[in-house]
1. For region 120-134, which residues satisfy the criterion of being in contact with a helix residue (DSSP H, G or I) (Cβ under 7 Å, 6 or more places away or on another chain) and either surrounded by fewer than 23 Cβ atoms within 10 Å (Cβ to Cβ) or β-branched (Val, Ile, Thr) (or both)?
2. Is one or more of the residues making up region 76-84 modelled with pLDDT of 95 or more, outside any loop (DSSP other than H, G, I, E, B) and among the small types (Gly, Ala, Ser)?
3. Suppose we filter ARG137, ARG121, ARG117 for residues that are more than 30 Å from ALA233 (Cβ to Cβ), of a type in the set (Lys, Arg) and out of contact with any Gly (no Cβ under 9 Å at 6 or more places or on another chain); which single one remains?
4. Being open to solvent by less than 60 Å² (accessible area, probe 1.4 Å), over 15 Å from LEU283 (Cα atoms) and polar (S, T, N, Q) is the filter here; which residues of region 156-178 pass it?
5. Is it fair to say LYS53 is out of contact with any Phe, Trp or Tyr (no Cβ under 7 Å at 6 or more places or on another chain), assigned to a helix (DSSP H, G or I) and among the basic types (Lys, Arg)?
6. Can you find even one residue in region 123-135 that is farther than 14 Å from PRO278 by Cα and either modelled with pLDDT under 85 or within 19 Å of the chain's Cα centre (by Cα) (or both)?
7. Of the residues that make up region 73-82, is at least one open to solvent by 70 Å² or more (accessible area, probe 1.4 Å), of a type in the set (Lys, Arg) and out of contact with any Phe, Trp or Tyr (no Cβ under 6 Å at 6 or more places or on another chain)?
8. Among the numbered criteria (1) open to solvent by 50 Å² or more (accessible area, probe 1.4 Å); (2) at pLDDT 95 or above; (3) part of a loop (DSSP other than H, G, I, E, B); (4) not polar (S, T, N, Q), which single criterion is violated by ARG152?
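The values are calculated or read from the model by the stated rules, or taken from the named source; none is laboratory data. As the structure is a computational prediction, the values presented were derived from the model and not from experiment. Glycine also receives a Cβ, built like all others from the backbone with ideal geometry; neighbour counts cover every protein chain displayed. Surface accessibility is based on the protein's heavy atoms, side chains included, excluding ligands, DNA and RNA. Shrake-Rupley method; radii C 1.70, N 1.55, O 1.52, S 1.80 Å.
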Amino acid sequence: MDTRPMSKMEIIPVSYNLWKEDKAAFAKAFGESFAETGFAVVSDHTIPRAAIKSAAEQTKAFFALTRDQKDHYADPENGFQRGYSPIGSENAKGRKISDFKEFWHTGRNLPADSPYRANMRDTPRVGELPEFNVATRDLYEALDSFGADLLRAVALHLGLEESYFDDKVNNGNSILRLLHYPPQDNPPPKGSVRAAAHEDINLITLLLGAEEAGLQAQHRNGEWIDINAPEGAVVVNAGDMLQRLTAWHIPSTTHRVLNPSAERAKFPRYSFPFFLHPNQDFLINPLPDYVAKTGKVEAPITAGKYLEERLLEIGLLKAKT
């Protein structure tokens with residue numbers, strides 16, 4: 001039985017064409033949506049449709065491999081930050097029951113002499129599907145570039161220089177996550193959902209539309225809003241790092257993916273979030289102007305240390321004994 005609440009609220013898309021015509025107007029509309037809900041929908045994006053289509057096809061091909069084949073690309077010692085993560089490897093913060101999903105992580109390609117390589121491993125190449133490696137890399141690069149542009153709009157909204165984030169994310173530990181929520185031919189484990197209510201860790205997340213519904217965001221008034229990007233649009237949400245940096249001016253909104261209704265349970269769900277992270281040594285120190293406005297102060301912490309703490313909380317990284 002589908003018990004999701006009906007919502008009459010919606011997030012009005014902001015056209016990316018406006019950014020090319022009037023940056024201040026785009027930043028105002030985008031920033032106000034972010035500050036109100038922690039979410040924004042950007043229509044008329046420039047991410048090549050061919051790249052999206054190819055990555056979607058290759059994602060389905062990868063998850064159709066056998067479990068043994070997929071497990072070959074898992075790296076639990078590194079918190080599953082690259083390669084394959086099986087069902088049961090991740091739970092929402094504060095929950096002991098794992099989400100009913102499996103996923104793949106593609107990370108940044110770093111130069112051989114990069115100081116960040118110590119904590120950012122290479123993405124494994126899938127031998128069975130050579131086109132998978134090309135398609136997912138192309139989509140990663142497109143989303144990385146588009147996300148950096150959206151952060152310029154965030155900077156303008158915050159009253160900062162447009163380029164404020166440029167040198168703070170150029171080597172960030174950003175991740176393209178290819179998500180597969182399997183069909184639920186049989187009821188999932190008791191208490192398990194596709195993705196329990198949670199907040200993202202990073203600065204911003206870009207999400208291309210999914211074929212199957214289920215994503216919901218929680219408005220600050222407590223109401224759950226159905227979220228799904230229309231054709232040609234990207235859903236963007238703020239993560240905990242941006243919330244912390246802006247002293248909670250921009251909220252990291254709680255969101256979830258519900259189990260499907262009975263009539264849709266036999267269909268899988270795929271989605272492709274891109275988690276845009278700052279460089280590991282970036283100090284997340286709340287902006288003084290927004291501390292003055294909100295009164296919320298959190299201790300400065302580097303992006304690398306904060307990511308490590310959160311990976312432990314959600315079960316991807318295990319505490320050392």
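1. Keep residues of region 120-134 that are in contact with a helix residue (DSSP H, G or I) (Cβ under 7 Å, 6 or more places away or on another chain), which gives 121, 125-126, 128-129, 131-132.
Within region 120-134, ARG121, ARG125, VAL126, GLU128, LEU129, GLU131 qualify.
2. The answer is yes, given that some residue of region 76-84 is modelled with pLDDT of 95 or more, outside any loop (DSSP other than H, G, I, E, B) and among the small types (Gly, Ala, Ser).
3. Working: ARG137 fails: more than 30 Å from ALA233 (Cβ to Cβ); ARG121 fails: out of contact with any Gly (no Cβ under 9 Å at 6 or more places or on another chain).
Just a single option satisfies the conditions, and that option is ARG117.
4. Of everything in region 156-178, just one residue is open to solvent by less than 60 Å² (accessible area, probe 1.4 Å), over 15 Å from LEU283 (Cα atoms) and polar (S, T, N, Q), namely SER174.
5. Numbers: out of contact with any Phe, Trp or Tyr (no Cβ under 7 Å at 6 or more places or on another chain): yes; assigned to a helix (DSSP H, G or I): yes; among the basic types (Lys, Arg): yes.
Answer is yes for this residue.
6. The first filter runs over region 123-135 and keeps only residues farther than 14 Å from PRO278 by Cα, leaving 123-135.
From the residues that got through so far, the ones that are either modelled with pLDDT under 85 or within 19 Å of the chain's Cα centre (by Cα) (or both) too are 123, 135.
Yes, the conditions are met somewhere in region 123-135.
7. So far as region 73-82 goes, no, none of its residues is open to solvent by 70 Å² or more (accessible area, probe 1.4 Å), of a type in the set (Lys, Arg) and out of contact with any Phe, Trp or Tyr (no Cβ under 6 Å at 6 or more places or on another chain).
8. With (1) open to solvent by 50 Å² or more (accessible area, probe 1.4 Å); (2) at pLDDT 95 or above; (3) part of a loop (DSSP other than H, G, I, E, B); (4) not polar (S, T, N, Q) applied to ARG152, the lone miss is (3).
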